[in-house]
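This report concerns only the one structure given below.
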Number of protein chains: 2
Amino acid sequence: MAFDAIETPFAKINQIVGGSATYVAYAASNFTQPIYQVSIVGSDFPQEEMDELSGRGVHLEGVKIVPNKKSFFWSGRYHMDMNSRDTLVTDLNVLLDFDPELPESYQDAEYLMLGNLDPKIQMKVIKQMKKRPKLIVMDTMNFWMEAAMDDLAEVLKLVDVLMVNDSEARQLSSQFSLVKAAKEIMKMGPKYLIIKKGEHGALLFHKEQVFFAPALPLEEVFDPTGAGDTFAGGFIGHIARTNDISFENMKTGIIVGSAMASYCVEKFGPERLKEISRADIDSRIQQFVSLVNFDIELV
Amino acid sequence: MAFDAIETPFAKINQIVGGSATYVAYAASNFTQPIYQVSIVGSDFPQEEMDELSGRGVHLEGVKIVPNKKSFFWSGRYHMDMNSRDTLVTDLNVLLDFDPELPESYQDAEYLMLGNLDPKIQMKVIKQMKKRPKLIVMDTMNFWMEAAMDDLAEVLKLVDVLMVNDSEARQLSSQFSLVKAAKEIMKMGPKYLIIKKGEHGALLFHKEQVFFAPALPLEEVFDPTGAGDTFAGGFIGHIARTNDISFENMKTGIIVGSAMASYCVEKFGPERLKEISRADIDSRIQQFVSLVNFDIELV
């Protein structure tokens with residue numbers, strides 16, 4: 001949970017709430033409640049945001065508020081393609097002290113989503129779960145592959161589903177072909193691998209199986225910040241709601257995640273996620289059905 | 001119909017048969033025969049290739065053989081990503097004299113596929129058809145947008161389906177968003193637009209409708225030369241076989257084209273296309289069904 005400053009070729013905002021856990025919670029709370037949030041913020045983090053999350057069934061006992069310190073701050077500028085970006089500022093602030101402590105009330109959680117963060121911290125959360133969750137999903141990024149590969153490798157051994165983007169999958173596996181990359185990565189621990197390709201959709205791999213979900217072709221991407229986390233939140237939210245960790249159900253989870261991400265990019269930060277209803281989500285999922293559905297009888 | 005010399009990071013071939021019309025014919029002949037080929041070659045073009053095409057129901061009366069001249073020759077080198085390439089040599093040779101003449105026997109053709117070529121020549125073929133075909137599909141490329149935009153604009157007014165890749169769609173429309181690009185291009189004439197995105201699949205646009213077909217995730221792309229033409233051949237072949245020009249059937253046509261293209265890239269030039277059977281094609285189409293199929297009931 002953090003603050004972001006975002007610049008796109010079309011608009012700019014100096015401060016908006018962000019952070020993986022924020023996006024995951026907003027997305028997942030449409031499908032499952034309660035959500036047990038683990039994070040750390042400074043005294044600057046707005047109470048209204050906490051209240052909004054609480055109102056959506058997001059428990060905040062595991063969110064540490066550090067007095068007289070600032071929340072994590074990231075600032076970035078998107079290029080014309082809205083796909084690549086430059087990081088302008090990263091102020092770790094409270095993240096420097098983050099030593100997650102799981103409240104006793106969190107031990108019931110059956111599904112664990114580890115947002116992108118130092119793998120040491122991800123590991124600490126896993127280790128504190130007395131009963132192994134039914135499914136552990138993990139996001140990470142290239143930074144940790146370069147700065148903390150040994151720690152990352154240890155966490156990878158313990159998770160069920162890894163989510164990375166295409167260039168990260170290539171970096172982690174040293175393979176250019178995503179099919180070959182998936183095979184290598186699944187040897188490192190995760191039995192399922194989701195490769196996010198931004199505007200080109202997402203791939204789900206499991207053993208010899210593969211599933212592809214497109215991204216919705218959009219007229220405009222206003223702000224892609226948080227789209228990957230929102231995707232993750234929709235995915236784990238759907239899995240938790242249906243309580244079904246089969247490959248078949250993960251396919252549907254990816255469509256749900258893609259639908260949520262397609263809303264996320266319509267406004268700055270998580271703003272759009274706060275507005276949408278279950279009916280909006282259903283209608284967008286129907287668009288995905290139309291987008292990929294074809295009549296095999298005709299072939 | 002031409003010769004190519006192809007270099008990839010992994011292999012090299014100094015001469016192999018190529019050309020849009022060759023790939024289109026090999027792909028389409030799996031679905032519909034006869035095919036009425038219009039092209040021009042030199043006296044160096046191999047008789048065995050002509051015989052192979054004839055054996056697949058490809059009529060060659062409209063293929064002019066120019067004595068003592070050489071066939072069109074293209075040579076290119078693919079980059080590591082197998083997506084981008086440098087052209088090393090373009091020898092127009094007989095193409096300089098190409099003035100297509102449609103034999104009387106070709107007038108029955110109900111479906112017209114215009115391979116990528118000078119729009120002036122594409123126009124000449126359209127104008128020679130006494131009865132307007134049920135569907136005119138056209139491929140083109142960025143070169144003609146730069147060198148012959150006025151001629152291209154005239155042809156666009158007369159065709160039903162345009163096929164271009166994503167960067168060409170952006171160039172032709174001056175729009176970055178592919179959804180906006182599609183809207184602009186459909187104002188130029190084509191009622192249907194297919195945007196090919198290589199390893200990222202293909203989009204079909206028609207009015208407010210959109211369909212997305214993924215490319216099959218492959219372990220290896222051996223040689224992408226001709227994949228786009230093979231896609232076109234599979235598409236028009238399916239449409240001709242089913243004699244159905246609805247949007248719904250075009251979706252299936254795109255899956256068929258994608259399946260054919262996924263075979264094309266497995267060997268140099270059209271080699272792989274010559275080997276595969278109808279059973280091979282069916283099995284690959286089934287892979288596309290598995291790749292994108294999800295259970296909407298679960299959502």
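Listed by chain and number, the aspartates and glutamates placed with their C-alpha closer than 13 angstrom to that of A:K274 are A:E48, A:E49, A:D51, A:E52, A:E266; residues fewer than eight positions away on the same chain are left out. Take every DSSP beta bridge whose two residues both sit in the protein assembly as shown; close to 45 percent of them are antiparallel. Counting only protein heavy atoms and a probe of 1.4 Å, the accessible surface of segment A:195-299 is 48% carbon and sulfur.
Solvent exposure of A:H200, expressed as accessible area, is near 30 Å², computed with a probe of 1.4 Å over the protein chains only. Accessible area per residue was computed with a 1.4 Å probe on protein heavy atoms; B:R278 scores about 80 Å². Segment B:148-299 gives an Rg/Rh value of 0.98, both radii derived from C-alpha positions and Rh following Kirkwood. Seen from A:T140, the other residues with C-beta closer than 10 Å to its C-beta sum to a net charge of -3, counting Lys and Arg as +1 and Asp and Glu as -1. Chain B gives an Rg/Rh value of 0.94, both radii derived from C-alpha positions and Rh following Kirkwood. The figure for B:W144 is an accessible area of roughly 40 square angstrom, using a 1.4 Å probe on the protein chains alone. Hey, in the GNM for chain A with a 10 angstrom Cα cutoff, which one of A:L218, A:L204, A:L172 fluctuates hardest? The residue with the greatest mean-square fluctuation here is A:L218.
Summed over all non-identical Cα pairs, the Kirkwood treatment of the protein assembly as shown gives a radius of 25.9 Å. Over all other residues within a Cβ to Cβ distance under 14 Å of A:Q209, the charged ones net out to +2, with Lys and Arg as +1 and Asp and Glu as -1. Looking at the protein assembly as shown, the accessible area is 42 square angstrom per residue; that uses a 1.4 Å probe and ignores ligands, DNA and RNA. Note every residue of segment B:256-296 with a reduction of at least 30 square angstrom in accessible area, all protein chains present versus the isolated chain, computed with a 1.4 Å probe, or write none. Flagged in segment B:256-296: B:I285, B:V289, B:L291, B:V292, B:F294, B:I296.
Could you work out what % of the accessible surface of segment B:20-153 is carbon and sulfur, using a 1.4 angstrom probe and leaving DNA, RNA and ligands out of the count?
The computed percentage sits at 51.
For the chain pair A and B, the interface hides roughly 3600 square angstrom of accessible area in total, found with a 1.4 Å probe.
Note on A:S174/B:A148: beta-carbon distance plugged into 1/(1 + (r/R0)^6) with R0 of 45 Å gives a FRET efficiency of 0.50.
Within straight-line reach of B:K127, meaning a Cα separation under 23 Å, sit the following lysines at least 8 residues removed in sequence or on another chain: B:K64, B:K157, B:K187, B:K191. Rounded to the nearest 5, what is the percent of antiparallel bridges among the DSSP beta bridges in segment B:19-139? Of those bridges, close to 35 percent are antiparallel. Accessible-area loss of 50 Å² or more (1.4 Å probe, protein heavy atoms, chain alone versus all protein chains) is found in segment B:197-245 for B:H200, B:F212, B:P217, B:E219. Listed by chain and number, the aspartates and glutamates whose alpha-carbon sits under 12 Å from that of B:K124, ignoring those within fewer than 8 places in the same chain, are B:D99, B:E101, B:D151, B:E154.
Largest GNM mean-square fluctuation among A:K64, A:K267, A:K207, using chain A with Cα springs under 10 Å: A:K207. Of the beta bridges in chain A, as assigned by DSSP with both residues counted there, near 45 percent are antiparallel. Taking only Cα atoms and a 10 Å spring cutoff, compute GNM fluctuations for chain B and point out the largest among B:I13, B:I121, B:I40. Maximum fluctuation in the GNM of chain B, among the listed residues, is at B:I13. Summary for B:P67: label point 7 Å along Cα→Cβ; distances to the equivalent points in the other copies, ascending, 10.2 nm. Each other copy holds its own label point for B:H79; taking that point as 7 Å from Cα along Cα to Cβ, the gaps run 1.1 nm, nearest first. Taken along the Cα-to-beta-carbon direction at a fixed 7 Å, the label points for A:M129 and A:N243 span 1.7 nm.
Sorted from shortest to longest, the distances between the B:P100 label points of this copy and the other copies are 6.2 nm, with each point 7 Å from Cα along the line through the beta carbon. The phi torsions of segment B:116-128, fed into the Karplus equation with coefficients 6.51, -1.76 and 1.60 and a -60° offset, translate into couplings of 4, 6, 3, x, 4, 6, 4, 4, 4, 5, 4, 5, 7 Hz, rounded to whole numbers, with Gly and Pro shown as x. Compute the distance from the alpha-carbon center of segment A:96-163 to that of segment B:34-61, in whole Å. What the calculation gives is 62 Å, centre to centre.
The values are calculated or read from the model by the stated rules, or taken from the named source; none is laboratory data. None of these values were measured; they are calculated from a predicted model. FYI the Cβ positions are ideal-geometry reconstructions off the backbone, even for glycines, and counts take in every protein chain you see. Just so you know, the surface numbers come from the protein's heavy atoms only, side chains and all, with ligands and any DNA or RNA stripped out. Shrake-Rupley method; radii C 1.70, N 1.55, O 1.52, S 1.80 Å.
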